[in-house]
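Asks: Once you've had a glance at the structure underneath, I'll fire off some questions.
The values are calculated or read from the model by the stated rules, or taken from the named source; none is laboratory data. It should be emphasised that the depicted structure is a prediction, and the values quoted were computed from it without experimental measurement. Heads up, the Cβs are rebuilt from the backbone with ideal geometry, glycines too, and the neighbour counts pull from every protein chain shown. Each accessible area value is taken on the protein alone, full model and side chains, heavy atoms only, with ligands, DNA and RNA left out. Shrake-Rupley method; radii C 1.70, N 1.55, O 1.52, S 1.80 Å.
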Amino acid sequence: HCLAVRAVCQREIDGDRGSGFSWKITLLRNYWKSKVKQEWLSGKYSNIPSQFSLPEKSMYPMDVDTWGEILEAELER
């Protein structure tokens with residue numbers, strides 16, 4: 001699980017580890033973020049008609065850099 005989460009959230013994982021968080025805490029802090037981020041990056045939400053069409057689990061608190069990655073992926077599509 002840790003490697004799968006790190007594949008999507010490398011910056012976040014490295015930051016948490018650098019701050020001294022254990023792998024267990026790091027995984028707990030980033031697991032759902034990685035799931036939501038992967039869906040956004042894969043284009044799952046690229047052509048939605050409105051915010052009401054988003055599934056309930058489509059949002060998660062993410063930092064500006066993460067949203068920047070998602071925006072770049074959208075602009076490349």
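Asks: Give me the angle, in degrees from 0 to 90, between the Cα long axis of helix 64-76 and the longest principal axis of the Cα atoms of the chain, rounded to the nearest 10.
Replies: On a 0 to 90 degree scale, this one is about 40.
Asks: Same structure, new question: Grab the DSSP H runs of the chain that are 4 residues or longer, score each as -39,500 (n - 2.57), total them, divide by all residues and round the 222 nm result to the nearest 500 deg cm²/dmol. Present the calculation step by step, with values, prior to reporting the outcome.
Replies: Numbers: 4 runs with 48 residues, N = 77.
The helix contribution divided over the chain gives -19500 deg cm²/dmol.
Asks: Would you mind estimating how fast the chain diffuses translationally, via Stokes-Einstein at 4 °C and 1.567 mPa s with the Kirkwood radius over Cα pairs, in µm²/s? It would help to have the intermediate numbers written out before the result.
Replies: Numbers: Rh = 13.2 Å.
Once the numbers are plugged in, D ends up at 98 µm²/s.
Asks: Rounded, prolate or oblate: which one fits segment 35-77, using the alpha carbon gyration tensor with axes a ≥ b ≥ c (rounded when a/c is under 1.5, else prolate when a/b beats b/c, else oblate)? Spell out each step's value before the answer.
Replies: Working: a/c = 1.83, a/b = 1.19, b/c = 1.54.
Oblate is the answer for segment 35-77, as a/c is 1.5 or above yet b/c matches or exceeds a/b.
Asks: Can you find, among 46, 61, 71, the residue sitting farthest towards the positive end of the charge dipole of the chain, where Lys and Arg contribute +1 and Asp and Glu -1 at Cβ?
Replies: Toward the positive end, the furthest listed residue is 61.
Asks: In the chain, how many lysine pairs have Cα atoms under 16 Å apart, counting only pairs 8 or more places apart or on different chains? Don't skip to the end; give the middle numbers.
Replies: Numbers: 24/33; 33/44; 33/57; 35/44; 35/57; 37/57; 44/57.
Lysine pair count for the chain: 7.
Asks: In debye, nearest 20: dipole of segment 1-76 around its Cα centre with unit charges on the Cβ of K, R (+) and D, E (-)? Write down the numbers at each step before the final one.
Replies: Working: 10 positive and 11 negative charges, 91 e Å.
Using only the charged Cβ atoms, the result is roughly 440 debye.
Asks: Calculate what fraction, in whole %, of the accessible area of the chain sits on carbon and sulfur atoms when a 1.4 Å probe is rolled over the protein chains. Numbers along the way, then the final one.
Replies: Numbers: 3080 of 5400 Å².
Here it works out to 57 percent.
Asks: Ok, one more. Compute the acute angle (0 to 90°) between the alpha-carbon long axis of helix 23-41 and the principal axis of greatest extent of the alpha-carbon atoms of the chain; round to the nearest 10°.
Replies: For helix 23-41, the angle is close to 20 degrees.
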